[in-house]
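Shown next, in C-alpha cells, is the structure this report addresses.
Derivation of every value follows stated rules applied to the coordinates shown; laboratory data play no part. For clarity, every value in this text was computed on a predicted model and none was experimentally measured. Note that each Cβ is placed from the backbone with ideal geometry, even for glycine, and that neighbours are counted across all protein chains shown.
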Amino acid sequence: MSKKANDGLSLPKRQTAKAAGYDFAASEDFTLPSIWKGNFLKALWALFKQKKVSDEDFQSADACLKPYLVPTGVKAYMQDNEFLLLANRSSGPLKRRLILPNGIGIVDADYYDNDSNEGEIFFQLINFGLRDYHIKKGERIGQGIFMPFLLADGETAPHAQRTGGFGSTKK
C-alpha cells in the first residue's frame, strides 16, 4: 500500500483508444524555476566576453540547470522483461516549455517498492521558459509507455540488487 494512497491522486490513463502512452499527473502543486534565473546567464556572459569564470561561478551556474523531480505519487508494477518508458507529452515543450532533460526516463521493474521511495515515479523536468512554471496537482506532466525488452545472448546476469531509487546503481 502506498503512503500516498489516500491523497486523491490522478491515476495515469490513456486519453484516446489508440494512445500508447499513459498520461501521468503531478501529485502536488510544484514550482519549476526557469533555468534563465540565477548565475547561469552571468557565467554565459563571462564566457562570451572571454573572461575568467571561477569554479564557484561554474558550480553556481550549473546548479540552475539541474532537473527537478516532480512527484506523481504513483508506482507501477512490471514483469521482469518490461520497463516503463517515461517521455515528454507533446504539449510540454511546445506550450509550457517543460522537458525531460535526457529525452526519456527508464523505470526498471525492480524500481517498484524500493526502500528509498516506495517506487514512486517522478518525472525529471527542466523549465526552459523565461518564467517559473507552476504545476497544479492533477496537471498532466508526462507520459509512460510499458515496453518489453530483450537480453543479449550469453550475457552473464548481474547479481546486484537495487537498493534505492534514482542513481542507486552507481559504480
(message) Can you compute the equivalent ellipsoid semi-axes for the stretch 54-145, i.e. the square root of 5 times each eigenvalue of the Cα gyration tensor, sorted largest first and rounded to whole Å?
(response) 26, 17, 12
(request) With N set to the residue count of the stretch 29-72, report its C-alpha Rg divided by 2.2 N^0.38 Å to two decimal places. (result) 1.37
(message) Taking the alpha-carbon distance from LYS52 and a cut-off under 19 Å, which lysines remain once sequence neighbours fewer than 8 residues away in the same chain are dropped?
(response) LYS42
(request) Determine the dipole magnitude for the stretch 17-69: charges of +1 sit on the beta-carbon of Lys and Arg, -1 on that of Asp and Glu, nothing else is charged, the reference point is the Cα centre, and the result goes in debye to the nearest 20. (result) 380 debye
(request) Between VAL53 and ASN102, with labels modelled 7 Å along Cα→Cβ, what's the label distance in nm to one decimal, could you check? (result) 2.3 nm
(message) How large is the Kirkwood hydrodynamic radius of the stretch 1-116, counting all unique pairs of alpha carbons, in Å?
(response) 17.3 Å
(request) Please compute the Cα-Cα pair-distance distribution of the stretch 1-50 with 5 Å bins starting at 0, giving whole percents from short to long. (result) 5, 14, 12, 12, 10, 11, 9, 10, 9, 7, 2, 0
(request) Please give every one of the lysines within straight-line cross-link reach of LYS136, meaning a C-alpha to C-alpha distance under 28 Å, and leave out same-chain neighbours fewer than 8 residues apart. (result) LYS3, LYS4, LYS13, LYS18, LYS37, LYS66, LYS75, LYS95
(request) Determine the sum of side-chain charges near LYS3: Lys and Arg each +1, Asp and Glu each -1, restricted to other residues whose C-beta is under 15 angstrom from that of LYS3. (result) -4
